[in-house]
Amino acid sequence: KGHGGTLVVETSKGKGTLMRVALPVFQVTKTDTAGGASKKDIGWDSKILIVDDEEIVARTLHRYLEHMRIPADYVLSGKECVSRFMQDPQCYDLVILDLTMAGMDGYETFTQIRKYNQDVKVVLISGFTEKEATRYFGSDDLAGFLPKPISEKALSDAIKKLTRMSV
């Protein structure tokens, strides 16, 4: 429902089950391609870490940041994220963190990286609503929230907002 899709299940005893999944087509807009913000427009100079166990999501967000000329890395688990912070607590100023991941979830990952760097900003991403996704976090814990699916413009706007807050 959150992505505007539907699921239809038809089952017949002895014949099997047919499942149909319908998802809306992703429309690339001019702002997603031609009008993307640049690093200069955004004012973000620090390195960003994307943490999502869905590689397609992590790579897409990484591509968006590359397009904006913002240095970024991505990892596919909370454990990898924490390992990076254990090795170099100041390696990233912003983490874009998925809430629901196999193994170490977003909340546990958040708790662990904050042991190494209290100042790192964290933007939570999730397919859940903001209210559902952020219920375990304190009011000042997160620097922002982005609902999935995330467009390049939404990511750019969130980073611009963080830049203004830091000034």
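The values are calculated or read from the model by the stated rules, or taken from the named source; none is laboratory data. Given the structure is predicted, the values throughout are model-derived calculations rather than measurements. Note: ideal-geometry Cβ built from the backbone for every residue, glycine included; neighbour counts use all protein chains shown. Only protein heavy atoms, including side chains, enter the accessible area calculation; ligands, DNA and RNA are left aside. Shrake-Rupley method; radii C 1.70, N 1.55, O 1.52, S 1.80 Å.
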Exercise. Just one of (1) open to solvent by 40 Å² or more (accessible area, probe 1.4 Å); (2) closer than 16 Å to E108 by Cα trips up Y74, so point out which.
Key: (2)
Quiz item: Is it fair to say T111 is part of a loop (DSSP other than H, G, I, E, B), at pLDDT 95 or above, open to solvent by 10 Å² or more (accessible area, probe 1.4 Å) and more than 19 Å from L162 (Cβ to Cβ)?
Solution: no
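Before we move on, is E80 closer than 22 Å to S156 by Cα, acidic (D, E) and open to solvent by 30 Å² or more (accessible area, probe 1.4 Å)?
Details: closer than 22 Å to S156 by Cα: no; acidic (D, E): yes; open to solvent by 30 Å² or more (accessible area, probe 1.4 Å): yes.
So E80 does not fit the description; no.
Could you grab me the full set of residues in region 114-123 that are closer than 18 Å to L146 by Cβ and not in a loop (DSSP other than H, G, I, E, B)? It would help to see each step written out before you state the result.
Filtering region 114-123 for residues closer than 18 Å to L146 by Cβ gives 120-123.
Across region 114-123, the qualifying residues are K121, V122, V123.
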Self-check item: Test set (1) within 18 Å of D53 (Cβ to Cβ); (2) modelled with pLDDT of 95 or more - L94 fails condition number
Solution: (1)
Quiz item: List the pairs whose first member sits in region 58-72 and is touching a residue at least 24 places away in the same chain (Cβ under 8 Å), whose second member is part of a helix (DSSP H, G or I) and open to solvent by 80 Å² or more (accessible area, probe 1.4 Å), and whose Cβ atoms are under 9 Å apart, counting only residues at least 6 apart or on separate chains?
Solution: M68/D41; R69/K40; A72/E66
Quiz item: What are the residues in region 73-99 that are closer than 18 Å to L146 by Cβ and in contact (Cβ under 8 Å) with a residue 40 or more places away in the chain, if any?
Solution: Y92, D93, L94, V95, I96, L97, D98
Practice problem: With respect to Y136, determine if the residue is within 29 Å of G4 (Cα to Cα), part of a loop (DSSP other than H, G, I, E, B), open to solvent by 40 Å² or more (accessible area, probe 1.4 Å) and touching a helix residue (DSSP H, G or I) at 6+ places or on another chain (Cβ under 7 Å). | Solution: yes
Quiz item: Quick one: how many residues across region 115-130 are open to solvent by 10 Å² or more (accessible area, probe 1.4 Å), closer than 17 Å to L99 by Cα and either among the polar types (S, T, N, Q) or in contact with a helix residue (DSSP H, G or I) (Cβ under 9 Å, 6 or more places away or on another chain) (or both)?
Solution: 3
Quiz item: Hey, does region 141-153 have a residue that's touching a strand residue (DSSP E or B) at 6+ places or on another chain (Cβ under 8 Å), of a type in the set (G, A, S) and open to solvent by less than 30 Å² (accessible area, probe 1.4 Å)?
Solution: yes
Quiz prompt | Of the criteria (1) surrounded by 10 or more Cβ atoms within 10 Å (Cβ to Cβ); (2) at pLDDT 90 or above; (3) farther than 21 Å from G127 by Cβ, which one T17 fails | solution = (1)
